[in-house]
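Engineer: Here you go, one structure.
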Amino acid sequence: MNQVIAHEVDFTDYKSDVTPVWCPGCGDYAVLSAITKALAGLGLARENVALISGIGCSSRIAAYTSVYGFHGIHGRALPIAQGLKLARPDLTVLCAGGDGDGFSIGGNHFMHACRRNLDLTYIVMDNNVYGMTKGQASPTSAADWTESKLTPEGPGVPPFQPLDIALAAGASHVARCFSGKVQMLTKTIAEAIQHPGFSFIQVISPCVTYRPEMRDFKNLVHESFTEACTDRREARRRLIDDDGFSLGTLFKSVEPSYKPSHRNSEPLDELERQFAL
Amino acid sequence: MTVGQILVDAAARAGWYGLFRRSLGPQIRGGESAALLRFGDRPILNHGDSFDLLLAYDWGNINRFAAELPLRPDSVVLFDPDAGEVPEVIERTDARCVAAPLAQTAKSAPGVRANMVGLGLVAHALGLVPEDLKSELEKALGDKGEEILAGSLEGLRLGAELCESLPADIWPKVVRPAPLAVPRWSITGNEAAGMGAIRGGVRFVAAYPITPSTEILEWLAPNLTRVGGQLVQVEDELASVNMIVGASFGGTPSLTATSGPGLSLMLEGLGMAVGAEFPITLIDVQRGGPSTGIPTKSEQSDFNIAVYGMHGDAPHIVCAPTSIPDCLSTVQWAVSAAEAAQCPAIVLSDQNMGQSRAIVDPPKSGGPVAERRLAQVEDGAAYKRYALTNDGVSPMSVPGMKGGEYTADGLAHNERGTPSTQASDHQSQLDKRLRKLETLDCDDVWAEVAGDGPVAVIAWGSLTEAAREAVERSNGAARLIGVRVILPLQEEAMAKALDGVSKVLVVEQNHGAQFFHFLKGHYSLPQTVESLHRPGPLPIRPVEILAAITAMKGDA
Ligand SMILES: Cc1ncc(C[n+]2csc(CCOP(=O)(O)OP(=O)(O)O)c2C)c(N)n1
Ligand code: SF4
């Protein structure tokens, strides 16, 4: 984590002047608020923070903050974020996007980012749908969700289990939040930023346009992950009874990260000597 | 293969220039293989027309690669009678076949292997004494022990004896070159490319292995750390290209290397680097395509994908080394050009250069180093990451610079980087990105130009040196234009190089004459433009290019 600034900071300082394209009522507004509040709460200097995102409604978030941002291509936010973090370990690097971006087209990177366990915070705004392309099933849509023209009989496959997979793949901080509970989300994001390792937060963030029934999720969520497990097996056991609406930090443990080897720099002619006969 | 390596390095120590290419079958380990060597007293950078000598340990799968071993009636084939009769494909060449009992000779002393006998034989014919070979042998054997070394040395001695017992008139006369004042380099194209990357300032590499580019990455892994850089092995090529974009966003010159299938996967990421304006360098060591193609053998068939592969209007840099040592300087230049123009540079190498070893004079030190135009930012003033400038290059801020905060975007955007669908923003940013390539200075590097004959041979990549030899042998009929900078186009320089040219011959190693069509489409050329092209793996040889020059000269 980078150096903090001493004076009081207002979270609106972390918002840009770009007006979001989001629909009124979209859950992603609250995620933007929570991210900026967490950054303000930690007092991180804007120039030392980078937010990397992919493509989707949710991925637009990068341009709505005033830190360094990168709105990249669909599914590739995590490689960009990891390349940045490896090259610039001094920065605080956040990564954000949708469930399609992170679990479908970018699914392979998700697993490998968990394995590498670099010091990053990855926030997935999970709305169980592809919002940007106007309402197709995402990996987290239920098998029998029939509202998409593309899969009129439902996607027909069981939904992706983000927390299970993050745990199995090696993420060292795993949490689930709800965009309707901004305070908890802010606190979780701040903790995730401070956690030295790969932090994954699944944020249930309703798409009011293509999944209007998600408005009712506020009645379904419950804060069941009260205390974070520090034992990975215990955390997995907890997930057996998860209904998908348990909120809180499920797992948190300081574990080794991928570290490139570093040596002192030698002059180039020293290197080139290997070619001379 | 060890024998080839020892021979070329030992000969190099004795003062020879040389080139060592491998021809491998599809097996993972073992299977048929040939070490193809060419020696001379001046730099040898192409494979020549044919072989003077074929030393056959055995004839396994010879029909699969005999075409890669052109022989003449005055060539000599040394074969081991224990390995069976000389096969039809070889007999057909009318080369002179002489029995050399390698295996039997090896059996005459304990611990001796036939490959060492063969090495001793050829080394003796080249005028090398066992002492010349000893240090290379020690290097190759590593710590396999005294006994193995002694057996190998005995093998070399027996090989030299065997050489003496063969008819004396089979050997061309060789005069051992003078000993060297400055040691030469023994280097492969892939190693040279890696060194060029480091010299150019690359300090971050993301890697996913693929033949025949893997050696670049394997060479870089330990060597990058020696200069304070790092290489990370990633999950796929989508990750590698995007990771280097991320590192580049952070301010670090970054690179990846791959071959055709990997390049196909990387296209979207490359396009993002064009649109969001990040310098990255990608080396494509080409192999036979399409699809998995012929992984172990050379072709120049990724030209089109490198030039035209990205969707949208996506100006970028494409360049190609013209020889093994040039892999170093061209990659080095590409890194600095990418940084200067804030866009991707694709370097088209090929298996022919990448996996071949050449003995070369040590390249000059120095050369261009990555230098990015950084923004002068003040806190408070709105920073325009994509500011419209005269030369098209917008000063860039990197994270950590206070006041330089911006969001890089692959969406069409305005000067500040804010997404925009407005026609004028799209037009002006497209113009800007083209402008920075038009203003990129390529004058000193754009091509190898030699000779002044009326037939211009335009070649690229590893065929440049074969074309050069053909031009040199053409008695002034031809000139060479070996194009190194493919994009951006170099219209003025090309026009100058074509001054006085009446006909053009375009030479390339692919089925579709991709370079030929590119040149015809983008350059103004004389009326007569012919194409000499064929797919891999048989390299186009100087004699074939010369024949085409002669034919063109003839029909006026
Ligand atoms: C390579 C590629 N394929 C497809 C698309 C089209 N596309 C844009 S966003 C998107 C899915 C967005 O869904 P999600 O990531 O869940 O984000 P949301 O819009 O729901 O926030 C798709 C398929 C694209 N931009 N790029
Ligand atoms: S379509 Fe859905 S996800 Fe996209 S902005 Fe609207 S409400 Fe949000």
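Bear in mind that the values in this text are calculations on the coordinates, not laboratory data. Remember, it's a predicted structure, so these values are computed and weren't measured experimentally. Neighbour counts are summed over all protein chains in view; Cβ atoms, including those assigned to glycine, are modelled from backbone coordinates with ideal geometry.
Engineer: Report for the protein assembly as shown the percent antiparallel among DSSP-assigned beta bridges with both residues inside it, nearest 5.
Structural biologist: 30
Engineer: For Cα pairs less than 8 Å apart in space and 6+ apart in sequence, what is the mean separation divided by the residue count of region B:373-440, i.e. the relative contact order in percent?
Structural biologist: It rounds to 33 percent for region B:373-440.
Engineer: Roughly how many whole Å is it from the C-alpha centroid of region B:452-500 to that of region B:77-143?
Structural biologist: Spelled out, the Cα-based centre of one part sits 40 Å from the other.
Engineer: Sum up the charges of everything whose Cβ sits under 15 Å from the Cβ of residue B:58, counting Lys and Arg as +1 and Asp and Glu as -1, but leave residue B:58 out.
Structural biologist: -2
Engineer: Taking a ≥ b ≥ c as the square roots of the Cα gyration tensor eigenvalues, with a/c under 1.5 meaning rounded and otherwise prolate when a/b beats b/c, else oblate, which class fits region B:186-360?
Structural biologist: Since a/c stays below 1.5, the shape of region B:186-360 is classed as rounded.
Engineer: Also, quick follow-up: Sort region B:1-117 into rounded, prolate or oblate with this rule: let a ≥ b ≥ c be the square roots of the eigenvalues of the Cα gyration tensor; rounded if a/c is under 1.5, and if a/c is not under 1.5, prolate when a/b is larger than b/c, oblate otherwise.
Structural biologist: Rounded, since a/c falls under 1.5.
Engineer: Can you grab the distance from the C-alpha centre of region B:224-299 to the C-alpha centre of region A:234-276, Å, no decimals?
Structural biologist: For region B:224-299 versus region A:234-276, the Cα centre distance is 22 Å.
Engineer: Ok, one more. Label region A:11-274 by shape, choosing from rounded, prolate and oblate, from the square roots a ≥ b ≥ c of the eigenvalues of the Cα gyration tensor; if a/c is under 1.5 it is rounded, and otherwise prolate applies when a/b is larger than b/c, oblate when it is not.
Structural biologist: Taking the square roots of the gyration eigenvalues as a ≥ b ≥ c, region A:11-274 is prolate.
Engineer: Based on DSSP loop calls and a cut-off of at most 12 other Cβ atoms within 10 Å, the longest stretch of chain B free of exposed GluC sites (Glu not before Pro) is what?
Structural biologist: B:86-370
Engineer: Continuing with the same structure: In debye, nearest 20: dipole of region B:373-440 around its Cα centre with unit charges on the Cβ of K, R (+) and D, E (-)?
Structural biologist: The calculation lands at about 120 debye.
Engineer: Non-local amide H neighbours of residue A:69 (under 5 Å, H modeled in plane, Pro and chain starts lacking H): which ones?
Structural biologist: A:51, B:406, B:407, B:408
Engineer: Exposed loop sites here are GluC sites (Glu not before Pro) in DSSP loop states with at most 15 other C-beta atoms within 10 Å. What is the longest stretch of chain A lacking them?
Structural biologist: A:9-152
Engineer: Another one. Once you charge only the Cβ atoms, +1 for Lys and Arg and -1 for Asp and Glu, what is the size of the charge dipole of the protein assembly as shown about its Cα centre, to the nearest 20 debye?
Structural biologist: The calculation lands at about 780 debye.
Engineer: Suppose only helical runs count, i.e. DSSP H with n ≥ 4. What mean residue ellipticity at 222 nm does that imply for the protein assembly as shown under -39500 (n - 2.57) per run, divided by all residues and rounded to the nearest 500 deg cm²/dmol?
Structural biologist: The helix-only estimate for the protein assembly as shown comes to -10000 deg cm²/dmol at 222 nm.
Engineer: In the neighborhood of residue A:170, defined by Cβ-to-Cβ distances under 9 Å, what is the net charge if each Lys or Arg adds +1 and each Asp or Glu adds -1?
Structural biologist: With Lys, Arg at +1 and Asp, Glu at -1, the neighbours total +2.
Engineer: Between the alpha-carbon centers of region A:200-229 and region A:34-93, tell me the distance in whole angstrom.
Structural biologist: About 23 Å separates the Cα centre of region A:200-229 from the one of region A:34-93.
Engineer: How far, in degrees from 0 to 90, does helix B:214-225 lean away from the longest principal axis of the Cα atoms of chain B, to the nearest 10?
Structural biologist: Taking the Cα atoms of chain B, the angle to B:214-225 is about 70 degrees.
Engineer: Counting trypsin sites (Lys or Arg not before Pro) as exposed when in a DSSP loop with at most 10 other beta carbons within 10 Å, what is the longest stretch of chain B free of them?
Structural biologist: B:365-556
Engineer: Would you work out the relative contact order for chain B, in percent, from Cα pairs under 8 angstrom that are 6 or more residues apart?
Structural biologist: For chain B, the relative contact order is 13 percent.
Engineer: Here's a follow-up. Of all DSSP beta bridges in region A:11-274, what percent run antiparallel (nearest 5)?
Structural biologist: DSSP beta bridges in region A:11-274 are roughly 20 percent antiparallel.
Engineer: Specify which residue in the list B:417, B:390, B:406 is farthest towards the positive end of the charge dipole of region B:373-440, using unit charges on the beta carbon of Lys, Arg (+1) and Asp, Glu (-1), about the Cα centre.
Structural biologist: Of the candidates, B:390 comes out farthest on the positive side.
Engineer: Right, here's the next one. Nearest 10 degrees is fine. How inclined is helix A:28-42 to the longest principal axis of chain A, computing both from alpha carbons?
Structural biologist: Helix A:28-42 and the main axis of chain A meet at about 40 degrees.
Engineer: Nearest 10 degrees, 0 to 90: what angle lies between the long axis of helix A:77-87 and the longest principal axis of chain A (Cα atoms)?
Structural biologist: Helix A:77-87 and the main axis of chain A meet at about 20 degrees.
Engineer: Now, a different point. Under unit Cβ charges (Lys, Arg +1; Asp, Glu -1), what dipole magnitude, rounded to 20 debye, does chain A have relative to its Cα centre?
Structural biologist: It comes to approximately 120 debye.
Engineer: What list of ³J(HN,Hα) couplings, whole Hz, do you get for region B:8-17 from phi and the Karplus terms 6.51, -1.76, 1.60, once you set θ to phi - 60° and write x for glycine and proline?
Structural biologist: 5, 5, 5, 5, 5, 4, 7, x, 7, 8
Engineer: Can you work out the Karplus-derived ³J(HN,Hα) for every residue in region B:516-526? Use 6.51 cos²θ - 1.76 cosθ + 1.60 with θ = phi - 60°, whole Hz, and x for glycine or proline.
Structural biologist: Ordered by residue, 3J(HN,Hα) equals 4, 5, 4, 4, 5, x, 10, 10, 8, 10, x Hz.
Engineer: Through the Karplus equation 6.51 cos²θ - 1.76 cosθ + 1.60, θ set to phi - 60°, convert the phi angles of region B:185-202 into ³J(HN,Hα) values in whole Hz; use x for Gly and Pro.
Structural biologist: 9, 10, 8, 8, x, 5, 5, 4, 4, x, 5, x, 4, 5, 4, x, x, 5
Engineer: In a shell of Cβ-Cβ distance under 12 Å around residue B:437, excluding residue B:437 itself, what net charge do Lys and Arg (+1) and Asp and Glu (-1) give?
Structural biologist: Residues near residue B:437 contribute -2 overall.
Engineer: Using only Cα atoms, what is the ratio of the radius of gyration of region A:144-277 to 2.2 N^0.38 Å?
Structural biologist: Against the empirical 2.2 N^0.38 Å value, I get 1.54 for region A:144-277.
Engineer: For region B:313-422, what Kirkwood radius comes out of the mean inverse Cα-Cα distance, in Å?
Structural biologist: After inverting the pairwise mean of 1/r, the radius is 16.6 Å.
Engineer: Give me the percent of DSSP beta bridges within region B:186-360 that run antiparallel, rounded to the nearest 5.
Structural biologist: Rounded to the nearest five, the antiparallel share is 15 percent.
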